[in-house]
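Visitor: Here it is, the structure in full.
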Amino acid sequence: MGLVSKDDGWRMPDWLWERIEPLLPPPPPHPLGTHRRGVPKRQVMDAILLVLRTGMQWNALDGTWVCNSSTAHRRFQEWERAGVFHEIWRQGLLDYDNVVGIDWDWLAADGATTKAPLGGPKTGPNPTDRAKKGRSVRFSRRPRGSRSGSRTRAPTATT
């Protein structure tokens, strides 16, 4: 028995699935030409949304029994390349605009795609190594059996 054994309200509702299903591309042909039926698309989408909503790792899906983690991740990548999630987002925004209304005049965007103004050749070396030149104890020549390289004689009970 997996961690998720019944629908406790986290799965996608039917009305949303009816809107999303037409956006999904057909699965690509199998490289070996097999005709094995795959995991149902709705089950895969439930697994993808579970990972995206909770932030869990893809491999944690195997413990839930919702969907195989490799299948969910592979389909997520296929659907992302096909623009499915972008289209879901776009249609959601349009629906929200129709129902509630988006004030398109009041928008702000922020981002930086330029080089840092104080960066460049004037900056120093990495603070962790500081490009120090010095003797590396690891590769220096030291007497056999000595860890530090110095010859010390510790006082013993016989001296």
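Visitor: Between a residue in the stretch 87-103 that is in contact (Cβ under 8 Å) with a residue 60 or more places away in the chain and any residue that is surrounded by 12 or more Cβ atoms within 10 Å (Cβ to Cβ) and part of a helix (DSSP H, G or I), which pairs come within a Cβ distance under 6 Å, given they are 6 or more apart or on different chains?
Guide: Glu87/Leu23
Visitor: Another question about this same structure. Is it fair to say Val44 is assigned to a helix (DSSP H, G or I), touching a Lys or Arg at 6+ places or on another chain (Cβ under 6 Å) and on the phi < 0 side of the Ramachandran plot?
Guide: Yes: the conditions hold for Val44.
Visitor: Hey, any hits in the stretch 28-36 for a residue that's surrounded by 14 or more Cβ atoms within 10 Å (Cβ to Cβ) and more than 30 Å from Leu107 (Cβ to Cβ)?
Guide: Filtering the stretch 28-36 for residues surrounded by 14 or more Cβ atoms within 10 Å (Cβ to Cβ) gives none.
No: zero hits.
Visitor: Filter the stretch 17-40 down to residues that are touching a helix residue (DSSP H, G or I) at 6+ places or on another chain (Cβ under 9 Å) and part of a helix (DSSP H, G or I), then give me how many there are.
Guide: Matching residues across the stretch 17-40 total 5.
Visitor: To continue, here is another question. Here are some conditions: (1) part of a loop (DSSP other than H, G, I, E, B); (2) of a type outside the set (Gly, Ala, Ser); (3) exposed (fewer than 12 other Cβ atoms within 10 Å of the Cβ). Val66 meets all but one. Which one does it not meet?
Guide: Here Val66 clears every test but (3).
For (1) charged (D, E, K, R); (2) at pLDDT 90 or above; (3) under 26 Å from the mean Cα position of the chain (by Cα), each residue gets a yes or a no:
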residue: Arg19; (1), (2), (3): yes, yes, no
residue: Pro22; (1), (2), (3): no, yes, no
residue: Asp46; (1), (2), (3): yes, yes, yes
residue: Asn59; (1), (2), (3): no, yes, yes
residue: Gly63; (1), (2), (3): no, no, yes
residue: Arg75; (1), (2), (3): yes, yes, yes
residue: Trp79; (1), (2), (3): no, yes, yes
residue: Ala108; (1), (2), (3): no, no, no
residue: Gly111; (1), (2), (3): no, no, yes
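Visitor: Return the total of residues in the stretch 24-44 being at pLDDT 90 or above, touching an Asp or Glu at 6+ places or on another chain (Cβ under 8 Å) and under 18 Å from Ser70 (Cα atoms).
Guide: Number of matching residues: 2.
Visitor: I'd like the full set of residues that are touching a residue at least 60 places away in the same chain (Cβ under 8 Å), over 17 Å from Leu50 (Cβ atoms) and not charged (D, E, K, R), limited to the stretch 9-23.
Guide: Correct list: Leu23 only.
Visitor: Being more than 34 Å from the chain's Cα centre (by Cα), exposed (fewer than 11 other Cβ atoms within 10 Å of the Cβ) and either charged (D, E, K, R) or at pLDDT below 90 (or both) is the requirement here; does Arg53 meet it?
Guide: So Arg53 does not fit the description; no.
The values are calculated or read from the model by the stated rules, or taken from the named source; none is laboratory data. Being a predicted model, the structure only gives us computed values, none of them experimental. Glycine also receives a Cβ, built like all others from the backbone with ideal geometry; neighbour counts cover every protein chain displayed.
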